[in-house]
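The values are calculated or read from the model by the stated rules, or taken from the named source; none is laboratory data. What you see is a predicted model, and the numbers here were worked out from it, not measured in a lab. Backbone-built Cβ (ideal geometry, glycine too); neighbour counts: all protein chains shown.
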Amino acid sequence: MNILVTAIGSFSADCVISTLKENGHRVIGCDIYPAEWHAVSSDCDRVYRSPLARDTTDYINFILDVCEKESVTHVIPLTDIEIDQLNLNRDIINKNGVVLCMPSESTLSVARDKYGLYKTFLHDAYVPSVPTYLVGEDILPHNIFPCIAKPYNGRSSEGLLKVYDRKGIEQIIESSDYIVQPMVEGPVFTVDYVRSAETGHDFSIPREELLRTKNGAGITVRVFESGELSGIVSHIGEILDINGCVNMEFILHDGRYYLIDINPRFSAGVAFSKKVGYDMVTSHLNCHVGGDICGGVRIEDHIICKRYIEEVTA
């Protein structure tokens, strides 16, 4: 297959590209920065410099142009903003015979809306959720402080604010795209989860984030087996009819795993899952070509650290 992988400067790109190449696919990469700024460029068969995804017309025309030039059959987007744009234009892309390897429109309508996500599982006893209030629509409790305010469709902690009093709320009171949540303390857990909507088969790998970047990317993690977390994400996967690989985030508070986010793409730490022996990338692709996910593996307790090395690229 000829596969276009976007945002090759993102954390997940190395794992995604190397796995696709190992399986004999031709990989075309793109990013907003020059190819020589990314070491993974040398692993791609061709690299293009893309416009910003927020420039909708230019970005979609770019994707269509690259797909035509390179006879692309499948597109794997690696960032939320690109998924948002491709989702809005999936008809024109599909019409050109290109398969978008990302969740369905109905799944994204929940996964990319933190308020909608909260409402979806508000009365679900199996999925604990942090109380969530939409600015301009809900009345905030007087005792909500300290709290977290963030865009309802934000990503990677962008726009996140810690608010400690009513004065702090005033700076977002006109921002109808913000949600407010009480500040729930506890360790962060993420789960790489893959599911075939066709067969219903799924598999998950939980990890505790021991060290994270400011944008929420785990750099030291503990991978472990958890029947409780795996059961929760399987339940969510069935409710949302997830197809392919996504990442779910939880906070462990008072002995319960509270759902805080669903990232409708590979996580920044998808390589951790590969390190313990499971191929999320191939399973994800299989889900979008009418196949099934790879068989599950036994997960042993591991602490894994991300390592950075230097390479001369130009």
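Of the residues making up the range 57-86, those that are free of Cβ contacts under 8 Å to residues at least 40 places away in the same chain and out of contact with any strand residue (DSSP E or B) (no Cβ under 8 Å at 6 or more places or on another chain) are T57, D58, Y59, I60, N61, L64, D65, E68, K69, Q85. Number of residues in the range 41-62 that are under 23 Å from N286 (Cα atoms) and touching a helix residue (DSSP H, G or I) at 6+ places or on another chain (Cβ under 7 Å) equals 2. Restrict the check to the range 97-108 and report whether at least one residue is more than 21 Å from C30 (Cβ to Cβ) and among the small types (G, A, S). The answer is yes; a qualifying residue exists. For the range 9-33, the candidate set comprises residues that are touching a Phe, Trp or Tyr at 6+ places or on another chain (Cβ under 9 Å) and within 17 Å of C67 (Cα to Cα); within that set, the residue that is surrounded by the most Cβ atoms within 10 Å (Cβ to Cβ) is G29. Within the range 176-200, the residues that satisfy the criterion of being exposed (fewer than 14 other Cβ atoms within 10 Å of the Cβ) and either closer than 24 Å to L211 by Cα or free of Cβ contacts under 8 Å to residues at least 60 places away in the same chain (or both) are S176, M183, E185, P187, G200.
Filtered by the rule that a residue be more than 16 Å from C287 (Cα to Cα) and modelled with pLDDT of 95 or more, the range 94-110 gives S106, L108, S109, V110. In the range 156-173, the residue that is surrounded by the most Cβ atoms within 10 Å (Cβ to Cβ) out of those that are at pLDDT below 75 and closer than 18 Å to K114 by Cα is I172. Only one of the listed residues (L117, L122, L108, L86) is within 30 Å of I239 (Cβ to Cβ), in a loop (DSSP other than H, G, I, E, B) and of a type outside the set (K, R). That residue is L122. In this structure, L240 qualifies as under 23 Å from P128 (Cβ atoms), surrounded by 15 or more Cβ atoms within 10 Å (Cβ to Cβ) and either in contact with a helix residue (DSSP H, G or I) (Cβ under 6 Å, 6 or more places away or on another chain) or without any contact (Cβ under 8 Å) to a residue 40 or more places away in the chain (or both). Of all residues in the range 216-233, those satisfying the criterion of being surrounded by fewer than 18 Cβ atoms within 10 Å (Cβ to Cβ) and over 17 Å from C305 (Cβ atoms) are E225, G227, E228, G231.
So how many residues does the range 46-56 have that are in contact (Cβ under 8 Å) with a residue 12 or more places away in the chain and in a loop (DSSP other than H, G, I, E, B)?
Count: 5.
Residues that are buried (at least 20 other Cβ atoms within 10 Å of the Cβ) and of a type in the set (S, T, Y) are absent from the range 81-104 altogether.
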